[in-house]
Amino acid sequence: MTDTPPDRLSVNPRSPLYDAEVLQRDVGIRFNGVEKNNVEEYCVSEGWIKVAAGRSLDRKGNPMTLKLKGMVEPYFKRGAETTEDEGDAEG
């Protein structure tokens, strides 16, 4: 796996853009220089993110989203080599 996040990614498991392996590395998003924690989907090449619009749900039970345009900078919060046993080291 590379150190650059994909161009497009979604957190919804029903989406074709969903990738569980990438999401396990904890992807962070900077939008127009501001850290965002409520991003449902993003596209770097087209320059947009989708964020939840309050607590509203659509008829399928998914959160209603707003599409915001601007500069999107995804990054990994964890490295590719992180394992579940990393906290077990004694020192």
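Beta carbons closer than 6 Å, at least 6 apart along the sequence or on distinct chains, pair a first residue in segment 21-48 that is over 18 Å from ASP7 (Cβ atoms) with a second that is open to solvent by less than 20 Å² (accessible area, probe 1.4 Å) for ASN38/VAL51. Annotation: of all residues in segment 31-42 being within 10 Å of the chain's Cα centre (by Cα) and of a type outside the set (Phe, Trp, Tyr), the one that is most open to solvent (accessible area, probe 1.4 Å) is ASN37.
The values are calculated or read from the model by the stated rules, or taken from the named source; none is laboratory data. Please read these numbers as outputs of a predicted model, since none were measured by experiment. FYI the Cβ positions are ideal-geometry reconstructions off the backbone, even for glycines, and counts take in every protein chain you see. The protein model used for the area step is the full one, side chains on, heavy atoms only, and it has no ligands, DNA or RNA in it. Shrake-Rupley method; radii C 1.70, N 1.55, O 1.52, S 1.80 Å.
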